[in-house]
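Report on the structure given below.
The values are calculated or read from the model by the stated rules, or taken from the named source; none is laboratory data. None of the values given here were measured: they were computed from a predicted structure. Methodologically, a virtual Cβ is constructed for each residue, glycine included, from the backbone with ideal geometry; neighbour enumeration extends over all protein chains shown. Accessible surface is based on the protein model in full, side chains and every heavy atom, while ligands, DNA and RNA are left aside. Shrake-Rupley method; radii C 1.70, N 1.55, O 1.52, S 1.80 Å.
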Amino acid sequence: MDARSRARHVALPVGSLLLFLAGWQLLAASGTWSETLVPPPAKVWDAFVDVSTTHDGVRGYNGTYLVEHLGVSLRRIALGAGAGIVLGVLFGLLMGTVGWLRSLFEPWVTFLRTLPPLAYFSLLVIWLGINEEPKITLLAVAAFPPVAVSTTTAVAAVPQGLVEAARALGGSRWDVVRDVVVPSALPETLTGIRLAVGVAYSSLVAAELVNGLPGIGGMVKDAANYNNTPVVFVGIIAIGVSGLLLDGLLIRLERAVVPWRGRT
């Protein structure tokens, strides 16, 4: 990439951000809606500073700094989405290689994939209480289907010629899975993992509806209860920015693990 391309690569997102901020400021200054509904960027910045520092004897929001709220939520995502991703990869490998297992489990995976998190979160609270268990379980259930579906599809699409060649060379079933199926399915599996992390992020506020403080989703929910719109904006932006950063890390991981993807 030459210097001109790099400059354009940086300038376009920066320009879009500045344009968004300008439009936001104009909308807030127009008076179409009150500042309670659409606070100007300056008020959101003030709220960011308040929840990130100690002010007037108050530590952050509800006694917790913004970075600590975000850290608690990221821990929940790591545990919940991590468990869902591991199970999704294992189920995908099994369903992609064993036909009757796919027929048995695929309808249930599709059923879970179509359910919105709020549809079963209340049930998880009844079963598991109001502590960490229902939150982590919800994130795991939300992250599981995208990985399972993408892995199953990728495994089923592995060229049979490669599988038969590996068997002809004396490879066992495990050797074929390890040396042929997994490398062939890895690109689509990594795409499924990216989708699963995105689904987990979109389910975060739902996961923290009950007893979610500390936690970034719980902070958003609590601030919304008191019409504290600037803090709601701060929480939404924090979730979005952290999600972008994590997705960028996953893209770098994908490029490192499967560098041949996208090349002819």
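If you go through the stretch 77-99 one residue at a time, do you hit one that is closer than 30 Å to T189 by Cβ and of a type in the set (S, T, Y)?
Yes: one or more hits.
Can you find a residue that is touching a Ser or Thr at 6+ places or on another chain (Cβ under 8 Å) and within 27 Å of N211 (Cβ to Cβ) anywhere in the stretch 99-112?
no
Tell me, please, whether a residue that is out of contact with any Cys (no Cβ under 8 Å at 6 or more places or on another chain), in a helix (DSSP H, G or I) and surrounded by fewer than 19 Cβ atoms within 10 Å (Cβ to Cβ) can be found in the stretch 56-67.
Yes, some residue in the stretch 56-67 is out of contact with any Cys (no Cβ under 8 Å at 6 or more places or on another chain), in a helix (DSSP H, G or I) and surrounded by fewer than 19 Cβ atoms within 10 Å (Cβ to Cβ).
Within the bounds of the stretch 101-108, is there any residue that is open to solvent by less than 60 Å² (accessible area, probe 1.4 Å) and out of contact with any Phe, Trp or Tyr (no Cβ under 9 Å at 6 or more places or on another chain)?
no
Which residues, taken from the stretch 112-134, are within 22 Å of V86 (Cβ to Cβ), hydrophobic (A, V, I, L, M, F, W, C) and open to solvent by less than 40 Å² (accessible area, probe 1.4 Å)?
Within the stretch 112-134, F121, L124 meet the criteria.
Let's see how each residue does on (1) under 28 Å from W24 (Cα atoms); (2) open to solvent by 50 Å² or more (accessible area, probe 1.4 Å); (3) within 22 Å of the chain's Cα centre (by Cα):
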residue	(1), (2), (3)
A157	no, yes, no
L162	no, yes, no
A166	no, no, no
G171	no, no, no
A185	no, no, yes
L195	no, yes, yes
I216	yes, no, yes
K221	yes, yes, yes
V231	yes, no, yes
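Quick test of your reading of the structure: T137 fulfils all but one of (1) open to solvent by 20 Å² or more (accessible area, probe 1.4 Å); (2) of a type in the set (S, T, N, Q); (3) under 15 Å from G92 (Cα atoms); (4) in contact with a Leu (Cβ under 7 Å, 6 or more places away or on another chain). Name the failing condition by number.
Unmet condition: (3).
Take G71 and tell me if it is touching a residue at least 12 places away in the same chain (Cβ under 8 Å) and on the phi < 0 side of the Ramachandran plot.
no
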